[in-house]
Amino acid sequence: MEKPDKTVREKKYIPSGLAGTYMRRIAESDPFVREIQDEPSALRLYMDTCTKCGVCAQECPVYYGQPDKRMHPVERSRQVLRLYKKYTTFWGRFWNAIFPKPDFEDNNAELFAERMYECLTCRRCAAFCPVGIDHSVISRVGRSLVDLMGLTPPSLAQGTHNSFETGNLEGASAEAFLDAIQFIEEELKEETGRDISIPLDREGAEIFFLPPSGDVLVYAENLMGMAKIFHAIGADWTMSSRAFDGSNFGFTTGNNFSMKYENKHYIDACEKLGCKLMVMGECGHAYRVMKFMASEGRWWGALPFEITSGFEYTAQLIRTGKLKLDPGKNPDVVTYHDACQFAAGCGIVEEPREILKAACADYREMPDGGYTQWCCGGGGGLSALRSVRAFRMEVSGKKKAEQMRETDAKIVSTSCLQCRTQLKEIARHHKMPLKITGVHEMINNAIVLE
Amino acid sequence: MNGFEFFVLYRLPYLAVPFYLIMLSVRIWVWMRFYNPALKLLPRARGSVYGVWKQQYRPTIHIFPGSRSQSTEWKRAIKGLVFFAGLYKRDKILWLGSWSLHLGLLLIIVAHVRVILPPDLDPICLYIALIGSGLMTVSGSYLLLRRIIVQRVREITDFRDYLAEIILLSFSATAFLVVLDGGVSSETLRHYVSGLSTGTAAVIEVPHIFFWHMLAAQLLLIAIPFSHLLHLGGIFLSREFLGTSDTFAGEFGSGFSGLEDGQDEKP
């Protein structure tokens, strides 16, 4: 595995005792980490109930790619749990007083950080573990500590910082966004001969649409598909020029504070515009955080608008016959890769399939699809890390590459921007002549505008 | 009977049993301090245990399809807890080994109820004990072998895990041998237990293997709170114990909750 890129990061000074302070704070539910107050119970129960049966490793995409001790989910979690035990339990403190040991293996905090980013947080382990241990929860606690030590991989740290400060991962200006929207509108005009506008900052609109910024700046086909849907049904919709990135890196890096305030950008924007429904685009992390933390009684109390995902929204339109689609426009064999955060995180499994079946002439299932899908290998923010590309291609993405090769599909459609990036790289790396698309990109091809 | 045998049969129980009960209570007390979804199964009457822990309760989001009515939850709980449905679906051989082991343990415990039953039922109880201990020995041997042979299991196993499983296996194997040796009559057992409970150390005539069975059983009680065997109790309190084949108890990860009052302002 390649070493994380350290060129843009100076070696951090890590105060001794930091890990202990953090673990004790977790255990005591100190307000500092109040957001994750359930994690102590998860850590404690997971520590006590693991039967060490090895089922998790059998099902882990990373261990599948490199079956050795380092990649074992239990072994990775042990790195966090031993810290938790050392600082918060009687026996941990007792043995540490007699035989003191360093906080991290080989006294190497950077190695600890690397290992926390070898978990894809896909939750496949939790689906198969006989006692339901979710190693992604433990890895995320580890990542929180990594973040506190300033060892979060630079590109993720930069993305989180950008999101927190500017509301989008790239730190793009409103002008850049407006340029991109103008370009997409021109593309739509050229393609359809119609004036399909993408309204911005329209107060009082019914629907607030929030795609990840990548769907505006990189993969515009998804946004074009959505714009055509809104146009076809005559929806009163808008986007925001200030909050146009529905993603969440704070969730990925374990930085709870950032996770919350990245979310706040678009809550505020939707509220300010007075929209009644927020439709979120193809980003699993953002939707998972939004779906669960925006429910009443959680972060933001009662919200004056409903929240749904683009998949649920579009599938409902298809069910009620409001969209006219021509599957002949997507004649090739299409398969679907379930994004972990949508499938295992939010239970969105059927909707993307309904959309693809309606929009494509020949849809086929990927093996092991649904809640227990195999991660693309770029989950948990890894697809944003060029520094671990070899790991993503040969280890974490190995199973997905095999699955993609097994299908006869010419197109792999997926529901998350990060998966899309990773799958594209896998296809290129393993020399598979596959096209990787978003789900609404297929709608973009198939929709019939009357 | 030498001094060590006397200690194991007549003195060690006074240490092993309270030790087990105290350590298990401590563990349960620690778990109870945390939120756990098993409490949702308790009735919601005012003043009930549920009420006491109500403050720990936070809304649960079930993210998987299907009805989540109380009866469905019960069905899933039973499927998961009694039949290990999730494991069955994933790994049938491991399920067979694991479920047989637990069934064997249950049968051994049931067979010991004969202490309070009429002596006429002795043959039936011995038969149950024979099946239980046999099942447990075979499945325990499989699980231990699996731990040694399968790389992904061996990698995460340490000395304590092997020790705990060897003690468990010794317990079942000696139980099997006790029964094969003709067993111990319920009358003798009653005499022994009542002697222990009154502190009179009533000396009994038992086969020598019974001493080894008692040693293994008491070592097992001491080992349980410190080993992975503790999942026997912990699974009841685990947030995921409802995880069966068609769900994995769709809790949202770690259940993030809001900041404290006054912490809501962006700096």
Can you find even one residue in the stretch B:150-158 that is of a type in the set (Ser, Thr, Tyr) and surrounded by fewer than 15 Cβ atoms within 10 Å (Cβ to Cβ)?
no
When restricted to B:Leu177, B:Leu168, the only residue free of Cβ contacts under 8 Å to residues at least 40 places away in the same chain, assigned to a helix (DSSP H, G or I), surrounded by 15 or more Cβ atoms within 10 Å (Cβ to Cβ) and of a type outside the set (Lys, Arg) is B:Leu177
Could you go through the stretch B:113-131 and let me know if any residue there is in a helix (DSSP H, G or I), away from every other protein chain (no Cβ under 14 Å), surrounded by 21 or more Cβ atoms within 10 Å (Cβ to Cβ) and within 17 Å of the chain's Cα centre (by Cα).
no
Just one listed residue, out of B:Arg114, B:Arg152, is within 27 Å of A:Ala57 (Cβ to Cβ), out of contact with any strand residue (DSSP E or B) (no Cβ under 7 Å at 6 or more places or on another chain) and among the basic types (Lys, Arg), and it is B:Arg152
In the stretch A:92-106, which residues are in contact (Cβ under 8 Å) with a residue 40 or more places away in the chain and either of a type in the set (Asp, Glu) or farther than 21 Å from A:Arg76 by Cα (or both)?
A:Asp103
Criterion: more than 19 Å from A:His161 (Cα to Cα), crowded, with 22+ Cβ neighbours inside 10 Å and in the same structural domain as A:Thr421 (by TED's automatic domain parsing) - qualifying residue of A:Val334, A:Val279
A:Val334
May I ask you to list the residues in the stretch A:91-119 that are away from chain B (no Cβ under 14 Å), assigned to a loop (DSSP other than H, G, I, E, B) and hydrophobic (A, V, I, L, M, F, W, C)?
A:Phe99, A:Phe104
Screening A:Arg76, A:Arg123 for residues that are of a type in the set (D, E, K, R) and on the phi > 0 side of the Ramachandran plot leaves only A:Arg123
Only one of A:Thr372, A:Thr414 is within 23 Å of B:Arg90 (Cα to Cα), β-branched (Val, Ile, Thr) and in contact (Cβ under 8 Å) with a residue 60 or more places away in the chain. Can you tell me which?
A:Thr372
Say we look at the stretch A:174-196 and pick out the residues that are more than 14 Å from A:Val216 (Cβ to Cβ) and touching a helix residue (DSSP H, G or I) at 6+ places or on another chain (Cβ under 7 Å); which of these is surrounded by the most Cβ atoms within 10 Å (Cβ to Cβ)?
A:Ile196
Within the stretch A:278-301, is even one residue over 26 Å from A:Asp195 (Cβ atoms), within 12 Å of chain B (Cβ to nearest Cβ), more than 18 Å from the chain's Cα centre (by Cα) and aromatic (Phe, Trp, Tyr)?
yes
Examine the stretch A:123-131 for a residue that is in a loop (DSSP other than H, G, I, E, B) and more than 9 Å from chain B (Cβ to nearest Cβ), and state whether such a residue exists.
no
For the stretch A:46-83, give me the residue count where each residue is within 7 Å of chain B (Cβ to nearest Cβ), closer than 21 Å to B:His231 by Cα and outside any loop (DSSP other than H, G, I, E, B).
7
Do we find a residue being among the polar types (S, T, N, Q) and more than 14 Å from chain B (Cβ to nearest Cβ) anywhere in the stretch A:257-265?
no
For the stretch B:96-111, which positions are more than 18 Å from B:Leu230 (Cα to Cα) and within 14 Å of chain A (Cβ to nearest Cβ)?
B:Leu96
Is there a residue in the stretch A:341-350 that is of a type in the set (Val, Ile, Thr), at pLDDT below 95 and not in a helix (DSSP H, G or I)?
yes
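The values are calculated or read from the model by the stated rules, or taken from the named source; none is laboratory data. Values in this document were obtained by computation on a predicted structure and should not be read as measured data. Here the Cβ is made from the backbone with ideal geometry for all residues, glycine too, and neighbour counts use every protein chain on show.
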